[in-house]
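Quick notes on the structure that follows.
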Amino acid sequence: IFASVEMAPGDPILGLTETYLADPRKEKVNLGVGIYVDEQGKVPVLGAVRQVEQALARDDQPRSYLPIDGLPAYNRATQKLLFGEGATILEAGRVATAQTIGGSGALRVGADLLKKVLGANAKLAISNPSWGNHHVVFRTAGFQLIDYRYYDDASHGLDFAGMLEDLGKLEPGTVVLLHACCHNPTGVDLDAAQWAQVVALVKDRGLLPFVDMAYQGFDKNSTDDALAVRLLADSGIPAFVVANSYSKSFSLYGERVGALSFIGADRSEAARLLSNIKTTIRANYSSPATHGGRLVAGVLESAELRALWERELGEMRGRIHAMRAAFVDRLAALGAPDFGFINKQAGMFSYSGLSKAQVDRLREEFAIYALSTGRICVAALNTGNIEYVTRAIAAVCR
Ligand code: PLP
Ligand code: TYF
């Protein structure tokens, strides 16, 4: 039966990490995968997380199943982090939230449920470019995909006019995938005025916004980075969806912590949505994982640990900003073409403008790994490798 099964293609990002790990060269740098590492090149364990973890270990928590929609404390804390404490939309009971297996699980459960609601005509508009897995998840869930213009090669910035024009042509009922902040892969975001325009447009046209927020707190802070979600909440738009992830903001990648929120017109609609989120989860993986959920809820429920987490998030963010600045300065000092646009991009990624040929040379000659699109993970730079990386980039730009 299995004889006819062919080899499936590997994931381009995770496959690159495998090649990187197998590279015997001593001086090597992985700018491929989107993981925040600290100055020592390690994935940090946040102090706030460690404190909850130690308390959990002392208490010997039983590992029973969680409810299908996860820990109630986790979901409450998620809603507050998304919309703000005391938000009108929460008071009105319009938000149905479930803990999921990472942000990826939220995207998949959200896609499956939307497909069920929208039927054969389910369409998703997606930024060009976007995170590769967005296409895979929504296509697998049965959506037809439509690109909207987003990134402008020439300015290394946003093609906002193109974006508005493309969104303005979508059929009512089309789902529009929006990156809340720290766009993956480009690092190019909308400013506050542009968000207001997009929210007005999707509302006028009767589109269904699906916000993916995987980097809350990696650009400005956890409140300002939620602007898109909060503008939608205040806009009076009757329906939208949010998938959020704590993988990066809590440095809990392998714990698979995320959440899915469906926002309905009123409390009764939200209750019906939650019941459908639950049947979708039950059919996928039944219930989420305990440990990561307890860690995130434990931090967010304690005023003291929450404050510590915000500080630690600020340290990660600050280090990324410093590395962007150092990257631009070093390249300028080395006489490379202008990389000043890197300072305007947000989050851990940057579309560097490097060509596939230049990326190939970086890998082959210098053991520096980046995606063939030119995406680099700025968070993988540190004071120990930045000189090596910028010299190599200057060399391949000559
Ligand atoms: N959405 C975007 C845009 C991402 O970049 C990522 C992770 O890289 C995710 C969602 C999924 O995150 P998670 O690891 O929590 O599944
Ligand atoms: O670097 C990126 O864009 C991501 C990272 O389960 C990633 O693809 C890796 C594994 C995973 C989710 C996201």
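The values are calculated or read from the model by the stated rules, or taken from the named source; none is laboratory data. It should be emphasised that the depicted structure is a prediction, and the values quoted were computed from it without experimental measurement. Glycine gets a Cβ as well: all are built from the backbone with ideal geometry, and neighbour counts include every protein chain shown.
Some observations on this one:
- Sole residue being within 19 Å of the chain's Cα centre (by Cα), among the hydrophobic types (A, V, I, L, M, F, W, C) and part of a helix (DSSP H, G or I), chosen from L331, L313, L305: L313
- Per the listing K42, K28, the residue uniquely surrounded by fewer than 12 Cβ atoms within 10 Å (Cβ to Cβ) and either more than 16 Å from ligand 2 (Cβ to nearest atom) or not assigned by TED's automatic domain parsing to the domain that holds N184 (or both) is K42.
- Scanning segment 364-385 for residues that are within 25 Å of the chain's Cα centre (by Cα), outside any loop (DSSP other than H, G, I, E, B) and not basic (K, R) gives I368, Y369, I376, C377, V378, A379, A380.
- Condition check for S268: more than 28 Å from S155 (Cβ to Cβ) and out of contact with any helix residue (DSSP H, G or I) (no Cβ under 7 Å at 6 or more places or on another chain): yes
- Test result for K123, modelled with pLDDT of 95 or more, of a type in the set (K, R), within 18 Å of A228 (Cα to Cα) and more than 16 Å from ligand 2 (Cβ to nearest atom): no
- Looking only at segment 334-363, residues that are over 27 Å from the mean Cα position of the chain (by Cα), touching a residue at least 24 places away in the same chain (Cβ under 8 Å) and in a helix (DSSP H, G or I) come to 1 in all.
- Of the residues L107, L56, the single one that is buried (at least 20 other Cβ atoms within 10 Å of the Cβ) and within 25 Å of Y253 (Cβ to Cβ) is L107.
- Counted as qualifying within segment 70-140 are the helices (runs of 4 or more DSSP H) with 1 or more residues that are among the aromatic types (F, W, Y) and under 24 Å from V202 (Cα atoms), namely 72-83, 132-140.
Here's the yes/no breakdown for (1) modelled with pLDDT of 95 or more; (2) within 16 Å of ligand 1 (Cβ to nearest atom); (3) in contact with a Phe, Trp or Tyr (Cβ under 6 Å, 6 or more places away or on another chain); (4) of a type in the set (S, T, N, Q):
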residue: A87; (1), (2), (3), (4): yes, no, no, no
residue: Q99; (1), (2), (3), (4): yes, yes, yes, yes
residue: G105; (1), (2), (3), (4): yes, yes, no, no
residue: L118; (1), (2), (3), (4): yes, no, no, no
residue: W131; (1), (2), (3), (4): yes, yes, no, no
residue: L167; (1), (2), (3), (4): yes, no, yes, no
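- Any hit, segment 251-270, residues being in a helix (DSSP H, G or I), surrounded by 23 or more Cβ atoms within 10 Å (Cβ to Cβ) and more than 16 Å from ligand 1 (Cβ to nearest atom): no
- Among the residues of segment 309-326, some residue qualifies, meaning at least one is in contact with a strand residue (DSSP E or B) (Cβ under 8 Å, 6 or more places away or on another chain) and within 26 Å of T223 (Cα to Cα).
- Look at segment 30-49: where a residue is among the acidic types (D, E) and a partner is in a loop (DSSP other than H, G, I, E, B), sitting 6+ places away or on another chain with Cβ atoms under 9 Å, you get D38/P44; D38/N382; E39/N382; E39/T383; E39/G384.
- Elements of type helices (runs of 4 or more DSSP H) in segment 144-250, at least 2 residues being closer than 25 Å to L313 by Cα and away from ligand 2 (no atom under 16 Å from the Cβ): 192-205, 227-235
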